[in-house]
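Asker: Take a look at the following structure, please.
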Amino acid sequence: MPLFKSNTEAERSVSPPPPPTSNRGFFGRRRSSEDSSLGNRSSSDQPRKNGSVRSGGSSIRSGTGFFGRNNGFDVSKDPAIMAARGKVTSAEKAEAEADRALMEARTRVREAKAHVIALERESAEEHRRAKAKKAEAGVVSRSARGLGRHG
């Protein structure tokens, strides 16, 4: 037995995929002429579950499946799709409203903090004036102690 084998043409060919099990339900698909063409595809050209075949970099629809057929049914007008779009639209509106409310709340918080700081400054100024007034009242009181001796 040789250490290095040379590949022959028969060994290079890809073996066809095993035959499908009887998967014939409502959504099962029939394979007739597709089976013979599957053996000629590379691993990236295998059929997908949605009925499309990926060939190289592009996706090619094979016309199988409920929405794959051109039966005049517009998928974009499907009630479930329209309901989902409506929910997404209302969610986007709610999110925009929430963003606006958040910005307004942040503005009000900034204004409230600025008001509190102004009140603190005003209170400190009033405290300083009250302290000065008390000191001056003490001076006046001491000077008034001498009054009333003559009488």
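The values are calculated or read from the model by the stated rules, or taken from the named source; none is laboratory data. Remember, predicted model here, so these are calculated numbers, not experimental data. So basically every Cβ, Gly included, is an ideal-geometry build from the backbone, and we count neighbours across all protein chains shown.
Asker: Could you list all residues from segment 71-87 that are in a helix (DSSP H, G or I), of a type in the set (A, V, I, L, M, F, W, C) and surrounded by 10 or more Cβ atoms within 10 Å (Cβ to Cβ)?
Answerer: 81, 82, 83, 84
Asker: Answer yes or no: is there a residue in segment 119-126 that is at pLDDT 95 or above, surrounded by 10 or more Cβ atoms within 10 Å (Cβ to Cβ) and under 30 Å from residue 75 (Cβ atoms).
Answerer: The answer is no; no qualifying residue exists.
Asker: Looking at residue 130, is it within 42 Å of the chain's Cα centre (by Cα), part of a helix (DSSP H, G or I) and modelled with pLDDT of 95 or more?
Answerer: No: the conditions fail for residue 130.
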